[in-house]
Amino acid sequence: QAQLVESGGGVVQAGESLRLSCAVSGRTVSFNAIGWYRQAPGEQRRRVAFITIGGLTNYADSMKGRITISRDSAKNTVDLQMNSLKPEDTAVYYCNIGRWFGGSKYQPYDSWGQGTQVTVSS
């Protein structure tokens, strides 16, 4: 079973930046993409971005233009650079492997990490 470890969260002021990292290890199921999700208190987990093994990227409208998802081959991670953060970005951020079926169609597997807390103060 895959092990997913998110890191890089913290407390920042509005307008500042954070870089999140997702490390994948262990025996993994077949996947062709990795996505980042976030979940605010009392709300559902929502996808904010994903990247395919071929390097194609997709971003949710809520954060599009402010985030960049990328792969770090040296660390075997998928990172999420977040800029111009807003208070509404406050959430626990998770990553997960999944299957990409084209366009914005992406389905994660049910194997979530602990998440990393992002808090943005106004």
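Quick check: anything in region 45-54 open to solvent by 60 Å² or more (accessible area, probe 1.4 Å), farther than 14 Å from W112 by Cβ and of a type in the set (A, V, I, L, M)?
Step one: filter region 45-54 for residues open to solvent by 60 Å² or more (accessible area, probe 1.4 Å), giving 45-47, 53-54.
The next check asks that each one be farther than 14 Å from W112 by Cβ; those that pass are 53-54.
Then drop every residue that is not of a type in the set (A, V, I, L, M), which leaves 53.
Yes, because at least one residue in region 45-54 is open to solvent by 60 Å² or more (accessible area, probe 1.4 Å), farther than 14 Å from W112 by Cβ and of a type in the set (A, V, I, L, M).
Return yes or no: is Q81 among the polar types (S, T, N, Q) and over 13 Å from the mean Cα position of the chain (by Cα)? First the steps, then the outcome.
On the way: among the polar types (S, T, N, Q): yes; over 13 Å from the mean Cα position of the chain (by Cα): no.
In short, no.
If you go through region 8-50 and keep only what is of a type in the set (S, T, N, Q), assigned to a strand (DSSP E or B) and more than 10 Å from C95 (Cβ to Cβ), you end up with Q13, S25, Q39.
So that you can scan it fast, the table gives a plain yes or no per residue for (1) in contact (Cβ under 8 Å) with a residue 24 or more places away in the chain; (2) more than 12 Å from V78 (Cα to Cα):
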{"site": "L4", "(1), (2)": "yes, no"}
{"site": "Y37", "(1), (2)": "yes, yes"}
{"site": "A49", "(1), (2)": "yes, no"}
{"site": "Y59", "(1), (2)": "no, yes"}
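For region 61-85, which positions are modelled with pLDDT under 95, among the small types (G, A, S) and open to solvent by less than 70 Å² (accessible area, probe 1.4 Å)? Listed by number, the list holds a single entry, S62. For region 61-78, a residue qualifies if it is under 15 Å from the mean Cα position of the chain (by Cα), touching a residue at least 12 places away in the same chain (Cβ under 8 Å) and at negative phi, and the qualifying residues are S62, M63, R66, I67, T68, I69, S70, R71, D72, T77, V78.
If you check W112 against the conditions, is it modelled with pLDDT of 95 or more and not polar (S, T, N, Q)? Break it down stepwise before answering.
Working: modelled with pLDDT of 95 or more: no; not polar (S, T, N, Q): yes.
Here the answer is no, as W112 does not meet what is asked.
Counting the residues of region 18-27 that are at pLDDT below 95 and either within 17 Å of G54 (Cβ to Cβ) or among the charged types (D, E, K, R) (or both) gives 2. Note on region 18-44: residues that are open to solvent by 60 Å² or more (accessible area, probe 1.4 Å) and within 14 Å of L80 (Cα to Cα) total 1. For region 86-102, the set of residues classified as crowded, with 21+ Cβ neighbours inside 10 Å, over 14 Å from A49 (Cα atoms) and not small (G, A, S) is empty.
The values are calculated or read from the model by the stated rules, or taken from the named source; none is laboratory data. Remember, predicted model here, so these are calculated numbers, not experimental data. Cβ atoms come from the backbone with ideal geometry, glycine included; neighbour counts cover every protein chain shown. The accessibility values were calculated without ligands, DNA or RNA, using every heavy atom of the protein model including side chains. Shrake-Rupley method; radii C 1.70, N 1.55, O 1.52, S 1.80 Å.
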